[in-house]
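Report on the following structure.
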Amino acid sequence: MTDLELQQVRREKWRLNGKPLRTLEQARAFVEEVGFCLMYPQRPPLLAPTFMGAFVGADDHLPVWQQAFADQRAADATELMVRLLRERAAFEANLFEENNGFLLAASVFPYFYALVGERNPKLAPKAGTRSPYSQLACDAFAIIQREGALSKQKLLEKLGGGLSIAAVDKALAELWSKLRITRVDYKPNEGSVWDLLYRWAPEAVKEGVGLSLPEALSALISKYLDCVIAVEQLELETFFGNFIARSKVKDAVHALLAARELSFVHVGGKTMLQITPAKAVASPQRTAAH
């Protein structure tokens with residue numbers, strides 16, 4: 001395989017081939033096929049598809065999240081993405097840039113939860129010197145747990161005390177990064193609506209809690225390779241290093257290579273990892289009856 005051939009296969013899979021997403025069914029099928037994608041491109045570029053690119057059907061002149069407010073395409077793509085969230089066909093995480101959602105297909109999400117989420121999701125977070133949660137994040141969790149799904153504006157009112165939007169955003173980000181909460185809707189007059197993840201998607205969370213870390217990581221690596229077709233090991237480690245220790249990624253890759261589920265392929269002078277192609281089984285020749 002040449003570099004050009006690899007790029008062409010990716011463009012087809014990532015829907016950058018002039019066939020834009022327009023319907024909910026197309027969006028659902030795209031996210032399910034790629035497994036996960038960024039909402040917008042980011043700089044420096046990350047080797048992953050984007051929902052924005054698939055929505056436009058191309059990858060040139062796409063808005064990044066900082067430009068989204070002034071781009072009608074971004075507003076239309078966000079509306080379609082929120083419909084996926086509402087019907088639980090996709091879930092969102094804040095892995096890379098704070099305002100650039102990382103979308104995961106419903107079938108893939110439990111594996112991601114196993115790596116990032118809390119093993120006891122119903123246990124309320126507590127603030128402390130060793131805790132990743134501030135007191136404000138713990139207060140926000142308690143209010144959403146008690147009141148149900150809330151917009152940021154309503155949460156701000158209930159927290160009271162003259163808090164700034166920035167402080168509430170930081171508290172929500174702390175909870176979201178550990179998958180304690182998830183965005184479930186967006187209302188133009190109120191903004192994002194948040195709910196506790198274990199209440200919004202109990203089955204997905206239960207499945208994620210029951211998965212072992214090696215099992216979940218192996219499944220995600222395989223799905224990522226299915227999405228990008230082939231990738232250098234260093235680039236794969238860089239991608240997964242955003243949410244799990246690279247040493248664990250190396251261990252998972254070695255185990256998959258030993259099991260022959262992954263193999264190496266040469267692409268344009270580079271050695272890359274790929275999912276081991278299925279061996280073609282020759283069909284027995286029929287003998288003509290005389």
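The values are calculated or read from the model by the stated rules, or taken from the named source; none is laboratory data. Keep in mind the model is a prediction, meaning the values are calculated, not measured. Don't worry about glycine lacking a Cβ; one is built from the backbone with ideal geometry, like all the others, and counts go over all protein chains shown.
Hey, R15 hits all of (1) modelled with pLDDT under 90; (2) not in a helix (DSSP H, G or I) but one; which does it fall short on?
Result: R15 passes all but (1).
Looking at the structure I just gave you, is C37 out of contact with any Gly (no Cβ under 7 Å at 6 or more places or on another chain), touching a residue at least 60 places away in the same chain (Cβ under 8 Å) and surrounded by 14 or more Cβ atoms within 10 Å (Cβ to Cβ)?
When the stated conditions are applied, C37 passes them.
Which residue out of Y113, Y133 is buried (at least 18 other Cβ atoms within 10 Å of the Cβ), under 29 Å from L84 (Cβ atoms) and in the same structural domain as V193 (by TED's automatic domain parsing)?
Result: Y133 is the single residue among Y113, Y133 that is buried (at least 18 other Cβ atoms within 10 Å of the Cβ), under 29 Å from L84 (Cβ atoms) and in the same structural domain as V193 (by TED's automatic domain parsing).
Please go through (1) in contact with a strand residue (DSSP E or B) (Cβ under 7 Å, 6 or more places away or on another chain); (2) hydroxyl-bearing (S, T, Y); (3) in a helix (DSSP H, G or I) for S247 and return the number of the only condition it doesn't satisfy.
Every condition holds for S247 apart from (1).
Report yes if E32 is acidic (D, E) and within 15 Å of the chain's Cα centre (by Cα), otherwise no.
yes
Where in segment 157-225 are the helices (runs of 4 or more DSSP H), entirely inside, with at least 2 residues that are out of contact with any Pro (no Cβ under 9 Å at 6 or more places or on another chain) and of a type in the set (D, E, K, R)?
165-177
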